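For reference, the structure discussed in these notes is given below.
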Amino acid sequence: MNSTGISRRMFLSSGAILAGSAVLAGSPLKHWSFTEETPTVGQLIDAFIAQVPSGAIPNTVDTLKAGSRDTKVTGVVTTMFATIEVIRKAIELKANFIIAHEPTFYNHLDDVNWLQQDDVYQYKKALLEKHGIAVWRNHDYVHAHHPDGVSKGVEDMLGWRPWTVKDQPVYQLPAPRPLSGLIAELKKKLDIASLRYVGDLQQRCEKILLLPGAYGGKAQIEAIGKYKPDVLCCGEIAEWETAEYVRDARAKGDQLSLVVLGHIASEEPGSVFMIGWLKQYFPKVKAFHVHPGNSLSFA
C-alpha cells in the first residue's frame with residue numbers, strides 16, 4: 001500500500017472476501033424482516049442497530065456524515081475511511097451508501113464548523129452531494145455488536161479462532177514461535193508492508209494480547225498488567241506511552257514485546273465483517289469492500 005495510489009487490496013469484490021455467511025450463523029436479525037423492496041439508508045442502519053445487544057447508544061458518533069436516511073440504496077461500500085479515492089470508487093461502482101468505520105472529516109466528532117473555509121473539506125462535501133452519496137459512520141455499533149465485528153474480522157483474517165481464550169482479547173498459540181515469525185505472519189495475513197515493534201526478534205511468543213485500533217496507552221498498559229501476555233499486538237500508540245512502558249518492562253527483565261500494526265491494518269477487517277453481515281441479511285443489495293490503503297508510507 002502507499003499514500004498516493006489505490007493498493008492491490010483497495011478494491012475487493014464481496015464474493016472474494018467471505019464465501020457465504022457462516023461467520024454470522026446463529027445471529028438472527030431481531031426486529032427486522034427484509035422485503036423485496038429496495039431498502040433505504042435508514043432501514044439498513046436501523047437493521048444493524050437492531051442486532052446490537054445494547055440497542056441505540058446515547059451520544060454516539062455513529063451518525064450520518066452526508067446524505068439522507070430516505071435515500072434508496074443502489075449499492076453499499078464498506079471501508080475504514082470514506083476517503084476521496086473511496087468515494088470515487090463508490091461512484092464507479094454505482095453505490096450510493098458508504099459505511100465507514102472512522103471519521104469522514106478529520107476529527108472524532110466530525111465537527112465541520114472549523115472547516116467551512118477549507119478547500120479539501122468543501123471539495124469532499126461537494127463530491128458527496130453531487131453524486132447523492134450517504135456516509136454513515138459505524139464505529140460504536142460494530143464494536144458493541146456480539147461478537148465485536150472488528151475483533152471478529154481480525155480473528156478470521158488471521159485464522160486465530162481456535163486459539164481464542166474465552167472472554168479475553170487473548171490468543172494462546174498452540175506452540176511458541178519467535179517474535180520474528182509472528183511478525184512475518186501478521187504482515188502476510190493483514191497485508192502490512194512494514195510495522196514497528198519493541199522487543200527481541202528471537203523471543204518465544206505464545207500468549208498474544210490483541211487490541212486493534214486506538215485503545216490508548218492507559219488501557220493498553222492496564223491490559224498488559226491484567227493478562228500478562230508475551231506480546232501486545234495493537235493498532236496504534238502514542239510513542240511516549242505504551243512503547244516506553246514496554247521498554248522499561250524489558251529493562252526490568254520481563255519477557256514482553258510490542259507489535260504496532262497500524263490503525264487501518266488492525267481495524268479494516270471490521271469492514272470485511274460488514275460485507276458478511278450485508279450478504280446474510282440483505283443478499284439482494286450490491287455490497288463491496290473498498291480498502292482505503294494506508295495514508296502513511298515507509299521510506
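Can you pull out the helices (runs of 4 or more DSSP H) entirely within segment 37-130 that have at least 2 residues that are in contact with a helix residue (DSSP H, G or I) (Cβ under 8 Å, 6 or more places away or on another chain), aromatic (F, W, Y) and farther than 20 Å from Q280 by Cβ? So the answer is 119-130. One residue is enough: does segment 122-135 have a residue meeting the conditions out of contact with any strand residue (DSSP E or B) (no Cβ under 9 Å at 6 or more places or on another chain) and among the polar types (S, T, N, Q)? Checking segment 122-135: at least one residue is out of contact with any strand residue (DSSP E or B) (no Cβ under 9 Å at 6 or more places or on another chain) and among the polar types (S, T, N, Q). From the list K188, K218, K226, the lone residue that is open to solvent by 70 Å² or more (accessible area, probe 1.4 Å), within 24 Å of T78 (Cβ to Cβ) and part of a helix (DSSP H, G or I) is K188. Would you be able to say whether some residue in segment 264-279 is within 30 Å of T40 (Cα to Cα), touching a strand residue (DSSP E or B) at 6+ places or on another chain (Cβ under 7 Å) and among the aromatic types (F, W, Y)? Within segment 264-279 (the criterion being within 30 Å of T40 (Cα to Cα), touching a strand residue (DSSP E or B) at 6+ places or on another chain (Cβ under 7 Å) and among the aromatic types (F, W, Y)), the answer is no, since none of the residues qualifies. Of the residues G55, G132, G67, the single one that is at positive phi and either open to solvent by 70 Å² or more (accessible area, probe 1.4 Å) or more than 23 Å from the chain's Cα centre (by Cα) (or both) is G132.
Restricting the first member to segment 70-96 and to residues that are farther than 23 Å from F273 by Cβ, and the second to residues that are open to solvent by less than 10 Å² (accessible area, probe 1.4 Å) and assigned to a loop (DSSP other than H, G, I, E, B), the beta-carbon pairs closer than 8 Å and six or more apart or on different chains are K72/P39; I91/I133; K94/G75.
Flag set for D248, criterion: more than 30 Å from G75 (Cβ to Cβ), among the acidic types (D, E) and either in contact (Cβ under 8 Å) with a residue 12 or more places away in the chain or part of a helix (DSSP H, G or I) (or both).
The values are calculated or read from the model by the stated rules, or taken from the named source; none is laboratory data. All values reported here derive from a predicted model rather than from experimental measurement. For neighbour counting, all protein chains shown are included, and Cβ atoms are generated from backbone atoms with ideal geometry for every residue, glycine included. Heads up: the accessible areas ignore ligands, DNA and RNA and are worked out on the full protein's heavy atoms, side chains in. Shrake-Rupley method; radii C 1.70, N 1.55, O 1.52, S 1.80 Å.
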